[in-house]
Every structure is written in structure tokens, then in C-alpha cells.
Amino acid sequence: MDYEISLLTTMGVSVLFALSLNLITGFCGQISLGHAAFLGIGAYVAAMLGKAGLPFLATLPLAMLLAGAVGAVVGLASLRVRADFLAITTMGVGFLFVGIVRQQNWLGGELGISGIPDTGLSKTTFMLLTLLLCALVAAFSQYIRKAWMGRVFNGIAEDEDTMRVLGIDASRYKLVAFAIGTALAGLAGSMYAYNLRFIGPDSFGFVESITVLSMVVVGGIGSVTGVIVAAALLSALPAWFQVIGDYKLLVYGGLLFLMMRFSPGGMAGLVTRFFSPVGSVGKGGRT
């Protein structure tokens with residue numbers, strides 16, 4: 001039973017992380033190849049505050065706040081770049097984060113941080129809390145998608161220049177998307193740290209950024225339900241098939257390529273095309 005609880009907790013953390021990127025890439029069309037850096041910020045903040053004696057629940061909002069603040073700064077610096085240049089910029093942020101952490105002894109350096117305090121919750125309760133947070137973030141994502149802000153995000157993703165012509169401050173909304181998405185990544189990072197009770201810089205590198213991007217693309221860019229299903233399944237694959245853990249970048253990178261080539265709408269797009277009458281299918285992914 002402990003194995004199943006641990007697996008469900010891991011899946012829940014992955015779902016949180018994937019939903020956070022979906023707000024940036026799926027809703028607003030801003031490609032991020034360094035999103036794992038914000039997972040790392042949340043993890044390191046929670047770990048350091050926990051070791052300093054702060055209660056578990058008190059570290060979560062602080063981890064979100066710092067990750068969101070850094071995300072807003074990165075978003076502000078990235079406002080003048082788009083598409084490929086934005087992807088390269090965010091990838092650089094990911095490399096920068098790992099490089100800085102490796103050189104800071106007070107952050108554990110290469111060895112990372114061990115001995116992260118226990119939450120005081122049982123494994124079952126912690127799992128239920130993780131799944132509750134997933135449900136709340138999913139509901140929040142659906143609310144944003146259907147609200148005015150979500151429609152603006154979608155418009156920016158479709159044609160940013162047209163939105164500017166219509167008088168929409170696209171830069172402002174892109175910044176909001178970055179701040180919200182990275183804050184939620186910080187929440188996922190704090191849960192990740194308390195789940196494993198050990199973190200190291202290698203856990204937040206480029207491979208993890210590609211992994212979470214694969215989850216979003218495979219699930220369906222902009223689809224909340226699709227991303228949840230894809231994140232849960234892809235995070236469980238290494239546990240079910242241990243060989244995948246040794247070739248993680250190859251497997252997830254391959255899935256990313258195949259989906260972008262043959263089904264840009266991801267699993268959500270496939271389901272939409274399968275159940276919709278011929279000729280009535282639109283774009284597909286954003287459901």
C-alpha cells in the first residue's frame with residue numbers, strides 16, 4: 001500500500017507542475033524550456049524554511065510567492081522576445097538556476113539538501129492533500145480559461161499583434177500568465193521537496209523542463225483535463241517501466257516530437273476528433 005500511496009503522491013506533484021506550465025504555454029502560448037527552475041525555487045525555499053523551523057503549511061505560500069516573483073521578473077525581461085527567442089531565453093534561465101545552486105554551499109551545492117523536516121502528516125494525508133491541491137489548481141485553471149482573462153490569453157496565443165491592435169495590453173497579460181504559472185510551479189516544488197525530503201540541482205535541470213513540456217503537449221496544449229491525464233500517466237511510466245528512467249530525455253523528447261508532428265492537439269485533440277462528427281472539429285486542443 002505504501003508503494004501505491006507514494007506513486008499517487010508523485011503523480012499529483014507532476015500534475016501540479018504540468019498545470020502550472022499549461023497556464024503559460026497552453027493558455028497564453030508562451031513557450032518555456034526552463035520551467036523546472038521555478039519548481040526548483042519552490043523546492044529550495046520550502047526546504048530551507050522547513051529546516052529553519054517554519055511549519056510545513058507556512059512554507060507553501062512563501063515558496064509560491066518567491067517563485068512567482070522571480071517568474072514575473074523573467075516574464076518582464078522576456079516581453080520583447082517571442083517564439084524561438086522566448087524558448088531560448090527561458091532555457092537560459094533554467095541553466096542559470098542550476099549553475100547558481102551548484103555553486104552555493106548554503107544551498108547544499110552539488111550535494112543538495114537532505115534531512116528536510118517531516119510535514120507531521122501521515123503518508124496518506126499528505127497524498128490526499130496533494131490530490132486536493134491538484135483539484136483546486138485544476139478548478140482554478142478552468143475558471144481562468146472560461147473567464148475574460150482566459151479569452152485574452154487565448155487571443156494572445158492565437159495572434160498577439162491583432163490583440164494589440166484591438167487595444168489589449170498583451171505584455172501585461174503575458175506577465176500575469178508568467179507570474180501565476182511560476183507561482184504554481186513553486187507550489188509543486190514545495191510539495192516535491194516535502195515528498196522526497198531531499199533535493200539536488202540535477203532534479204531541476206533541462207530534462208525536467210522537457211518532461212513537463214511533453215506532458216502539456218501530449219495531453220493537449222491548453223487542455224486542463226488532457227494535461228492532467230498525460231501528467232499522471234507519464235510520471236507513472238518510470239515506476240512501471242524502470243528502463244524509461246535511464247532514457248527519460250529520449251522517451252519524452254520522442255513523445256514530444258511525435259505529438260507535434262502527428263497530433264498537435266495532443267490526446268485532447270484525438271478524443272475531440274474521434275467523438276466529433278466529420279467536418280465539425282475545430283482546433284481541438286483547448287478543451
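Taking the Cα atoms only, what angle lies between the long axis of helix 56-77 and the longest principal axis of the chain, rounded to 10 degrees? The angle comes out near 50 degrees.
Couplings 3J(HN,Hα) of segment 188-198, computed from phi: 4, x, 5, 5, 4, 5, 6, 6, 8, 6, 7 Hz, in residue order, whole Hz [Karplus 6.51 cos²θ - 1.76 cosθ + 1.60, θ = phi - 60°; x for Gly and Pro]. Packing, as the average of other Cβ atoms within 10 Å across residues, places the peptides 185-192, 41-48, 118-125 in the order 185-192, 41-48, 118-125, highest first.
Roughly how many debye, to the nearest 20, is the charge dipole of the chain about its Cα centre, given +1 on each Lys and Arg Cβ, -1 on each Asp and Glu Cβ, and no other charges? Dipole about the Cα centre, nearest 20: 520 debye. May I ask for the angle, rounded to the nearest 10°, between helix 36-51 and the longest principal axis of the chain, with both axes built from Cα atoms and the value confined to 0 to 90°? Helix 36-51 and the main axis of the chain meet at about 30 degrees.
The separation of segment 164-227 from segment 14-58, counted between C-alpha centres, amounts to 7 Å.
Protection proxy ranking for 8-16, 254-262, 147-155, using the average of other Cβ atoms within 10 Å per residue and placing the highest first: 8-16, 147-155, 254-262. Couplings 3J(HN,Hα) of segment 14-31, computed from phi: 5, 5, 4, 5, 5, 5, 5, 6, 4, 5, 8, 7, x, 7, 9, x, 9, 6 Hz, in residue order, whole Hz [Karplus 6.51 cos²θ - 1.76 cosθ + 1.60, θ = phi - 60°; x for Gly and Pro]. Cα gyration tensor of segment 102-148, axes a ≥ b ≥ c as square roots of the eigenvalues: rounded (a/c below 1.5), prolate (a/b > b/c) or oblate? Oblate is the answer for segment 102-148, as a/c is 1.5 or above yet b/c matches or exceeds a/b.
Sort 60-69, 131-140 by packing, meaning the average of other beta carbons within 10 Å per residue, with the highest value first.
Values: 60-69: 20.9, 131-140: 16.1.
Highest mean packing first, the order is 60-69, 131-140.
Does the chain come out rounded, prolate or oblate, given a ≥ b ≥ c as the square roots of the eigenvalues of its C-alpha gyration tensor, rounded meaning a/c under 1.5 and, failing that, prolate meaning a/b above b/c? Judged from the Cα gyration tensor, the chain comes out prolate (a/c at least 1.5, a/b above b/c).
What angle do you read, to the nearest 10 degrees and between 0 and 90, between the alpha-carbon axis of helix 248-262 and the longest principal axis of the chain? Its long axis makes an angle of about 10 degrees.
Based on the Kirkwood approach, the hydrodynamic radius assigned to segment 1-87 is 14.6 Å, with every pair of different Cα atoms included. Expressed as a fraction of 2.2 N^0.38 Å, the C-alpha radius of gyration for segment 137-251 is 1.25.
The count of lysine pairs in the chain with alpha-carbon distances below 30 Å, taking only pairs 8 or more places apart or on different chains, stands at 6.
No lab work stands behind these numbers, since they all come straight from the coordinates. Bear in mind the structure is a predicted one, so any value in this text is a computation, not a measurement. Neighbour counts run over all protein chains shown; Cβ positions are idealised from the backbone, glycine included.
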